[in-house]
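*Asks:* First the structure, then my questions, so here it is.
Throughout, read-outs are computed from the coordinates displayed, never taken from laboratory work. Keep in mind that this is a model prediction, so the values were computed, not measured. Glycine also receives a Cβ, built like all others from the backbone with ideal geometry; neighbour counts cover every protein chain displayed.
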Amino acid sequence: MNVLKIICNICLLIVLFFSARAQGRFKVLDYNVLTGFQKNPAQAAIFVEWVKGIDPDMVAMQELSTFTQDSLERLARRYGHAYAVLLTKERAAPMGITSKYPIVNVQKVTDNMHHGYICARVKHYHVVVTHLSPFSYEKCKEEISNILAWSSTLPKKEKLMIMGDLNAFAATDSLLYQEKGYKRRYGVIRQLLEAGFTDAFAFKKQVKEFSYPTKKYENGVKQYGRLDYIFLNGALKKDCLDIRIVRDQVTDQLSDHYPLLMELSL
């Protein structure tokens, strides 16, 4: 009996250990989902089951075409998120945030933006989700300046992440672009770096990877790129445990972009 009791106690400690570890992490998923999962309910259902397996605390999405606030809330509840916020603008691609936790202090900005951006707070994190102009380098620079102007109003001790499809290129990937013969301009990402933000993927990973296009959509695409980013301010950088571009059988097919998954220590 004593041996059995010891084994039971060890098993309990293991469960508590892994439970504590899980509770000590905050998982963020960022995903351009291609015109609202290609406007296909079957694709959305695949996404729901896939997200359940990843179990993120917050999801940021771009290109939520055809979605309304109500339909985004209903989608979010299917994978366990009770809260959702959607930004829409006429003749632009919607974007949204879903979360296990309340999304508060929400601001939706569309003025002077091609698509717009959402500012919000989730737990103790300030969050900006955006989708920069796909058509103009100069417009992208203007848009990121708008976002940085807003971010400068926050106290430096506040933890802030800026994420989304930035339609921009990082100089840290320049060797890859040069190898493929691509000509790139790096000014948009340089603005974020000069403002004190850290490119989380470049910070945590030695390997260079592209987030666009996916396997399904690579035929006919002439130029590959890392277009999807999560940037962290100085107060949040130290909390970044890991970040990766998620490549699997689902993400190979679901969108033309691969998602980013980041884990933060709480």
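*Asks:* Report the charge-dipole magnitude of the chain in Debye, nearest 20, computed about the Cα centre from +1 at each Lys and Arg Cβ and -1 at each Asp and Glu Cβ.
*Replies:* Approximately 460 debye in magnitude.
*Asks:* Tell me the label-point distance for the pair Arg78, Ala42, using the 7 Å Cα-to-Cβ offset, in nm and rounded to one decimal.
*Replies:* With each label point 7 Å from Cα toward Cβ, the separation is 1.4 nm.
*Asks:* Specify the angular offset, from 0 to 90 degrees and rounded to the nearest 10, of the alpha carbon long axis of helix 41-54 from the longest principal axis of the alpha carbons in the chain.
*Replies:* Its long axis makes an angle of about 50 degrees.
*Asks:* A further question on this structure: Given the options Thr214, Asn233, Pro56, identify the residue whose Cα lies farthest towards the positive end of the charge dipole of region 26-265 (+1 on Cβ of Lys, Arg; -1 on Cβ of Asp, Glu).
*Replies:* Farthest along the dipole direction, towards plus: Asn233.
*Asks:* Right, another one. Rank Leu72, Trp150, Gly196 by how far each Cα sits towards the positive end of the charge dipole of the chain (+1 on Lys, Arg Cβ; -1 on Asp, Glu Cβ) and give me just the farthest.
*Replies:* Towards the positive end, the residue furthest out is Gly196.
*Asks:* Taking only C-alpha pairs under 8 Å that are 6+ residues apart, what is the relative contact order of region 134-261 in percent?
*Replies:* This gives 30 percent for region 134-261.
*Asks:* Within 10 Å of each residue's Cβ, count the other Cβ atoms and sort Lys52, Lys123 from fewest upward.
*Replies:* So the residues, fewest neighbours to most, are Lys52, Lys123.
*Asks:* Based on other C-beta atoms within 10 Å, arrange Asp256, Asp57, Asp70, Asp30 from fewest to most.
*Replies:* Ranked by crowding around the Cβ, least crowded first: Asp70, Asp256, Asp57, Asp30.
*Asks:* With just the Cα atoms of the chain, tell me how far they stretch along each of the three principal axes, in Å, largest first.
*Replies:* Here the Cα extents, ordered largest to smallest, are 73, 41, 40 Å.
*Asks:* Further question: Could you run the Karplus curve 6.51 cos²θ - 1.76 cosθ + 1.60 with θ = phi - 60° over region 67-82 and give me ³J(HN,Hα) per residue in whole Hz, x for Gly and Pro?
*Replies:* Values per residue, Gly and Pro as x: 7, 10, 4, 5, 5, 5, 4, 5, 4, 4, 4, 5, 10, x, 9, 8 Hz.
*Asks:* Determine one quarter of the surface area of the Cα convex hull of region 188-266, which equals its mean projected area, and express it in nm² to one decimal.
*Replies:* Answer in nm², one decimal: 6.0.
*Asks:* Here is a further query. Once phi is turned into ³J(HN,Hα) by the Karplus curve 6.51 cos²θ - 1.76 cosθ + 1.60 with θ = phi - 60°, what whole-Hz value does each residue of region 241-248 show in order, with x for glycine and proline?
*Replies:* Karplus-based 3J(HN,Hα) across region 241-248 equals 8, 6, 8, 8, 8, 8, 10, 7 Hz.
*Asks:* Which angle from 0 to 90°, rounded to the nearest 10, does the C-alpha axis of helix 137-151 make with the longest principal axis of the chain?
*Replies:* Rounded to the nearest ten degrees, it is 50.
*Asks:* At a 10 Å Cβ-Cβ cut-off, how would you order Met262, Met61, fewest neighbours first?
*Replies:* Met262, Met61
*Asks:* So, one more: Compute the relative contact order of region 26-265 as a whole-number percentage, counting only Cα pairs closer than 8 Å that sit 6 or more residues apart in sequence.
*Replies:* 20 percent
*Asks:* Can you tell me the relative contact order of region 16-127? Whole percent, Cα pairs under 8 Å, sequence separation 6 or more.
*Replies:* 20 percent
*Asks:* Write down Rg/Rh for region 78-172, rounded to two decimals, with Rg from the C-alpha atoms and Rh from the Kirkwood relation over Cα pairs.
*Replies:* Value, to two decimals: 0.97.
*Asks:* Still on this structure, please answer the following. Largest first, please: the extent of the C-alpha atoms of region 149-205 along each principal axis, to the nearest Å.
*Replies:* Taking max minus min along each principal axis of the Cα atoms, region 149-205 gives 42, 23, 19 Å.
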